[in-house]
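Participant: Just passing along the structure, written as structure tokens.
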Amino acid sequence: MRGSLLIFLDASAATVLKYAYRKMFVLLLAIICAAAAAPSGAVDLWRGMETLHFAVYYRPGQQALAERAAADAESALAKIAPRLWGYPKGRIPVYVYHNRKEFIADTGIPGRELVVGVAYSAGELMRIDGSRYFAEISPVIAHELTHILLYKRMGSRILSVPVWLNEGLAVMLSGTAELPSALILQQAASTGSLLSMKSLQSSFPSGSLSDLAYAQSRSFVEYLSEQPSKLLRTLDAIAEGSSPEEAFRKVYGKSIEELELAWRQSLAAKRGLDWLGLAGTIGVGVLMLFGLYMAYRGVLLRKRRIIEEWEEEQSESQTAV
């Protein structure tokens with residue numbers, strides 16, 4: 001008979017098979033009982049809700065957090081999509097965590113890292129820390145959403161996109177940390193300590209230089225976005241197989257190094273006309289800059305303190321268990 005497999009058993013084989021099935025049944029019953037007796041935290045439970053463009057997953061009892069994340073995601077998409085390639089097809093998966101410990105466990109991020117969101121090219125999904133230890137979820141979702149939209153357009157060519165372009169685009173479109181970025185950038189530009197964009201091609205440095213890398217990338221991408229269609233055409237060229245250098249030469253008529261030089265010159269020109277120069281006197285400008293710097297430093301110290309307090313809480317909870 002086509003499409004069928006016939007098995008003929010003698011009496012002894014049938015007896016062996018009968019006891020094998022019985023053992024399998026007992027084992028399956030034991031597994032089911034063990035799962036039923038396990039604590040709720042040991043079972044990987046997720047609830048889900050859908051909007052027009054997102055599938056949001058959350059832990060039981062956290063529907064309010066999920067609803068807020070869903071609303072923030074739709075709002076961010078409405079602002080970002082028109083500036084890129086429009087609305088994506090299908091729903092984007094978003095996993096939102098009310099517990100930072102679970103977020104760290106699922107993403108594998110070191111506890112002391114100030115990471116609050118991760119976007120994955122594989123599966124085109126994002127995981128968001130909704131505990132609000134370090135940031136509100138709205139700008140985090142907007143940042144990771146930009147990465148996802150870029151993944152969708154670039155496909156396997158995403159690895160050819162320079163890190164400074166990928167991250168700079170995400171920071172710019174999410175609108176996060178504008179003032180701190182400006183201060184970091186201004187200080188580095190005035191002291192001649194800007195990083196080369198070539199050094200940010202494949203990875204970002206760690207520590208305090210990481211903040212400068214993000215600030216520079218944002219500023220450089222903003223400079224390139226003064227003609228928005230050119231930046232998108234450059235990304236399209238990379239998606240179609242061109243190297244970043246070839247794509248920029250093709251669209252902008254200049255190499256990345258030449259564009260970087262022009263950007264640096266624009267920063268130098270702005271320093272003579274920025275708001276510090278309009279403050280009235282050098283003394284007032286210096287005081288304003290110092291005050292803003294101290295405010296930014298206070299934010300960083302507060303975040304570090306929260307990390308230490310969070311780690312102490314986790315250590316105490318583990319000791320208690």
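Please treat every number below as a calculation from the coordinates, not as lab data. Predicted model only: the values in this text are computed from it and were never measured. Backbone-built Cβ (ideal geometry, glycine too); neighbour counts: all protein chains shown.
Participant: Show me, for the range 66-74, the HN-Hα J-couplings you get by feeding each phi into the Karplus relation (A = 6.51, B = -1.76, C = 1.60, θ = phi - 60°), rounded to Hz, glycine and proline as x.
Facilitator: 5, 5, 5, 5, 5, 5, 5, 5, 5
Participant: Turning to a different aspect of this structure: Using mean Cβ contacts within 10 Å as the protection proxy, how do 252-260, 96-104 order, highest first?
Facilitator: Ranking, from highest mean packing down: 96-104, 252-260.
Participant: Assuming a ≥ b ≥ c are the square roots of the Cα gyration tensor eigenvalues, decide whether the range 37-156 counts as rounded (a/c under 1.5), prolate (otherwise, with a/b larger than b/c) or oblate.
Facilitator: prolate
Participant: To continue, here is another question. Would you kindly work out the equivalent ellipsoid of the range 102-176 from its C-alpha gyration tensor and give its semi-axes, the square roots of five times the eigenvalues, largest first in whole Å?
Facilitator: Output for the range 102-176: semi-axes of 21, 14, 11 Å.
Participant: Given a cut-off of 22 Å, name the pairs among Lys79/Lys152; Lys79/Lys254; Lys79/Lys230; Lys198/Lys230 whose C-alpha atoms lie farther apart than that in the structure shown.
Facilitator: On the way: Lys79/Lys152 17 Å; Lys79/Lys254 30 Å; Lys79/Lys230 19 Å; Lys198/Lys230 20 Å.
With Cα atoms farther than 22 Å apart: Lys79/Lys254.
Participant: How big is the range 205-278 by the Kirkwood estimate over distinct Cα pairs, in Å?
Facilitator: For the range 205-278, inverting the mean 1/r across all distinct Cα pairs yields 13.7 Å.
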